[in-house]
Amino acid sequence: MPSRNSSDWYFTEIMTDKKMGQGSGSVPPLYNRARTLPAILGGKPIRKRVLPYSRQTIFPSDLKAVRKVMRSDFLTTGPMGNRFGQAIAARTGFDSALPLSSGTAALITLLMSLENVRGHEVITSPMTFAATTGAILMAGGVPVMADVDPVTLNVDPRRVAELINEKTAAVLAVDYAGHPAHWQELRRLCDNHRIPLLVDCAHSLGSSIHGHPVGYWAHAAVFSFHPVKAVACGEGGAIASSDRDILRRATLIANHWMVKFEDENPFTARPWYYEIQGQGFNYRLNDISSALGLSQIKRLNTRIDACREVSIALRKRLSSIAFLDMPCELDGYRHSYHLFVARVRQLEEGFGRNLLVAALRAENITAHVHYIPIHLHPHFRDKILTGDLKNCDQAYNEIMTLPCFDSMTEKDVRDIGLAIEKIATHSSEILSAMATEKTR
């Protein structure tokens, strides 16, 4: 085999003697050059089919559960929502859970169920999807960005402490990529200031700290069941809490704030009568999606274990690539690896994360960036309060999400490594091609 520093080594790793028809294992130079040239420079991609950064896995039992509901009397407002809610509560350690139509709907509903949010501040992370901040605004609150811990990229409790004041209504932290935030420290901080601690667990269903599920230290948690999440409903979300008042108000908000009245007298009863007593929405999760979620959550441990195995394989395969830093997992913390987020140092001057992502996508490997920080979006700039976000800003310039999901194969992992090493070998040529393109 050629030296690992040679541009040909990865070619011989993926091309067998039999395929080449050469007993000696020699590689025709012209064919070799075409094969090893990065796809962004016109070479042949490592993969024929695109490898997504994540995807759902559907089993026959999922299809059976959905078909059963499709043949029933209830496509929505039937029994499946309650059953799914009970299963979520059982897995998360809360007394109850309310399934809703999306994680975004769950965030909005939870924040609206806290009567003190409107006109007050909610401290949260800038390293998150727009839904977290958007929900605070929808509930009438003022989002306040606290900088992140440079290791986990979760909100830093020390920065949160600096931002709490008499206007603070709540702390809404995020389990970035599936690694739990510093929940014990955040809970002590919130208890000292008598404010609720909320958790955006969209990434972390199945994660834990010292054996405790991620919502253990929170007053309420929100989950997401988007197709790339550990439990997929197509679209879906949930609020989980042991606070009856929060769940009572959340249930009203998610059902148009519709209040019905019971009257056992058959002569005066009006079963059709209801009153709208506040601003609510239709955020219910239908029975079809609930049935799918209920089927999927039974395999939660299996999926998380599989994602963790893929993450181990990725670490092993990429460990020799000097310009990549692997995601962390603190002692006692169980990472769900919803996202596998590496950090990219420059390969050489001018060749950083952005160019590597573009080159990987040309190889049919879907590298991604999670996320563009909240304070960089035009819509949010004049609607949020921020302090010094240097850790978040630095991380944003380096983070790169690589494919990591339960049904990935050894070949998928190998392809990622081969593609990165192929690109790195030709980094100077890629830079030259980019410079030429800019001068046209």
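The values are calculated or read from the model by the stated rules, or taken from the named source; none is laboratory data. Computed from a predicted structure; not experimentally measured. Heads up, the Cβs are rebuilt from the backbone with ideal geometry, glycines too, and the neighbour counts pull from every protein chain shown.
Side notes on the structure shown:
- Taking residues in region 48-77 that are in the same structural domain as LEU360 (by TED's automatic domain parsing) and over 23 Å from LYS229 (Cβ atoms), and partners anywhere that are in a loop (DSSP other than H, G, I, E, B) and hydrophobic (A, V, I, L, M, F, W, C), not one pair has Cβ atoms closer than 6 Å while being at least 6 places apart or on different chains.
- If you check ALA34, ALA39 for being at pLDDT 95 or above and either out of contact with any helix residue (DSSP H, G or I) (no Cβ under 9 Å at 6 or more places or on another chain) or among the small types (Gly, Ala, Ser) (or both), only one passes: ALA39.
- If you go through region 384-440 and keep only what is of a type in the set (Lys, Arg) and either at pLDDT below 95 or surrounded by 18 or more Cβ atoms within 10 Å (Cβ to Cβ) (or both), you end up with LYS422, LYS438, ARG440.
- Checking each residue in region 93-111 for being buried (at least 24 other Cβ atoms within 10 Å of the Cβ) and among the polar types (S, T, N, Q) picks out only THR109.
- Looking across region 88-112, the residues that are part of a helix (DSSP H, G or I) and either without any contact (Cβ under 8 Å) to a residue 24 or more places away in the chain or more than 21 Å from the chain's Cα centre (by Cα) (or both) come down to ALA90, MET112.
- Residue list for region 59-82, restricted to those being within 17 Å of ALA232 (Cβ to Cβ) and surrounded by 14 or more Cβ atoms within 10 Å (Cβ to Cβ): ASP62, ALA65, VAL66, VAL69, MET80, GLY81
- Residues in region 73-112 that are touching an Asp or Glu at 6+ places or on another chain (Cβ under 8 Å) and among the hydroxyl-bearing types (Ser, Thr, Tyr): THR76, THR77, SER101, SER102.
- With respect to the conditions (1) at pLDDT below 95; (2) surrounded by 14 or more Cβ atoms within 10 Å (Cβ to Cβ); (3) of a type outside the set (Asp, Glu), ARG55 lacks only one, and its number is (1).
- Pairing residues of region 154-167 that are in contact (Cβ under 8 Å) with a residue 12 or more places away in the chain with residues that are polar (S, T, N, Q) and not in a loop (DSSP other than H, G, I, E, B), at Cβ distances under 8 Å and at least 6 apart in sequence or on separate chains, gives VAL155/THR124; ASP156/ASN391.
- The lone exception for ASN192 - which of (1) out of contact with any Leu (no Cβ under 7 Å at 6 or more places or on another chain); (2) in contact (Cβ under 8 Å) with a residue 24 or more places away in the chain it fails: (2)
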